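Peer 1: If you scroll down you'll find the structure; I have some questions about it.
No value in this document is a laboratory result; all are computed from the given coordinates. Computed from a prediction, not measured in an experiment: that's the story for all the values here. Cβ coordinates were reconstructed from backbone atoms using ideal geometry, including for glycine residues, and neighbour counts include every protein chain displayed.
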Amino acid sequence: MPGSVKTEAVVLRSIRYGEADRILHLYTPHRGRVGAIAKGVRRARSRFGGRLEPFFRANLVLHEGRSDLMTVTSAETLSPHARLRTDARALDAAGRACDAVTRLFGDAEANPGVYNLLCHELALLDAWAGREEFSGHGNQLAFRLKLLLAAGLAPQLSACASCGEREHLSGFSGAAGGVVCPACEAGSFALHGDTHAFMVAALGQGLADGRWADVGERTLRQAERAIGDTVEHHAGVRLRHASAG
């Protein structure tokens, strides 16, 4: 029924609409991804000010009517993530994180865990902005692996995804859903030990705990291929390439 909805939200994307409005793609903890219109937001004296920019985390009041789009009636900033906007690498990583959430969790279904993970990622990118040791590529892949875990698509890494063998796990198969042994390697690609170790660490450690800057580019490229193959086979979507910056 029509009425007001109060919710936290992260602005995933903002699109100009008409003379002064914007269409917003939002991710919320209890409704998943929703669309909303912010009327008059591009006017100089808009009551929303600059509180509805991409990557902002805010408390919103949305009016839900008959349209597929809700209407933003109130916005209070919780985290503007201002520092990440000063660093091209952090800004790019934030955009790719929001895009990955959009592609993997595009339905209007509640997933507080994904919302909290996205908020944590944006806060980390904001804190790491400008640091030389920041590894955007490694961070993005660790984040994507945690998204796969939240989606129930985490790759099998402790045993052959086809037969259960726990030794000689030398390949990765997106179709099988994880690492494979030589007997089951048809259609797989060779997976180096460093890549396997990175993926295990990324799934098991917190985003802030991993030393992603120490991971080599060959390892990261293999991990990205494993993630991409898994998502394509089991979710039917393709993720944008992670930035190597």
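Peer 1: Say R0 is 30 Å: what FRET efficiency, to the nearest 0.05, do residue 214 and residue 88 get from their beta-carbon distance?
Peer 2: With a Förster radius of 30 Å, E is 0.85.
Peer 1: Further, regarding this structure: For a Förster distance of 30 Å, can you work out the FRET efficiency between the beta-carbons of residue 159 and residue 225, rounded to the nearest 0.05?
Peer 2: 0.90
Peer 1: Hey, rough spin-label estimate for residue 194 and residue 6, points 7 angstrom out along Cα→Cβ, what's it come to in nanometres?
Peer 2: 5.2
Peer 1: Let me have the 222 nm mean residue ellipticity of the chain computed from DSSP H runs of 4+ only, each contributing -39500 (n - 2.57), with the sum over all residues rounded to the nearest 500.
Peer 2: The per-residue figure over the chain is -10500 deg cm²/dmol.
Peer 1: Then there's this: Using the Cα centre as the reference, give the magnitude of the dipole from point charges on the C-beta atoms of the stretch 41-137 (Lys, Arg: +1; Asp, Glu: -1; all else neutral), rounded to the nearest 20 debye.
Peer 2: 540
Peer 1: Quick check on the exposure proxy: order 37, 23 from fewest to most C-beta atoms within 10 angstrom.
Peer 2: Neighbour counts put them in this order, fewest first: 23, 37.
Peer 1: By count of other Cβ within 10 Å, fewest leading, how are 28, 230 ordered?
Peer 2: By the 10 Å Cβ count, ascending: 28, 230.
Peer 1: About its Cα centre, what dipole magnitude does the chain give when the only charges are +1 on Lys and Arg Cβ and -1 on Asp and Glu Cβ, stated in debye to the nearest 20?
Peer 2: Dipole of the chain, to the nearest 20 debye: 1140 debye.
Peer 1: Taking neighbour counts of Cβ atoms within 10 Å as a proxy for exposure, in what order, fewest first, do 6, 146 appear?
Peer 2: So the ranking, lowest neighbour count to highest, is 6, 146.
Peer 1: Which value in Å does the Kirkwood hydrodynamic radius of the stretch 3-79 take, with 1/r averaged over all unlike C-alpha pairs and then inverted?
Peer 2: Hydrodynamic radius (Kirkwood, Cα pairs) of the stretch 3-79 is 12.1 Å.
Peer 1: What's the Cα-based Rg to Rh of the stretch 203-245, Rh via Kirkwood?
Peer 2: 1.01
Peer 1: Once the principal axes of the Cα atoms of the stretch 117-245 are found, what is the range along each, listed largest first in whole angstroms?
Peer 2: Principal axes ranked by extent give 47, 27, 22 Å for the Cα atoms.
Peer 1: Mean shadow of the stretch 50-99, computed from the convex hull of its alpha carbons, in nm²?
Peer 2: So the mean shadow area of the Cα hull is 4.1 nm².
Peer 1: Here is a further query. Across the chain, what fraction of all alpha-carbon pairs, as a whole percent, falls in each successive 5 Å bin from zero upward?
Peer 2: Values per bin, smallest distances first: 1, 6, 14, 16, 17, 14, 11, 8, 6, 4, 2, 1, 0, 0.
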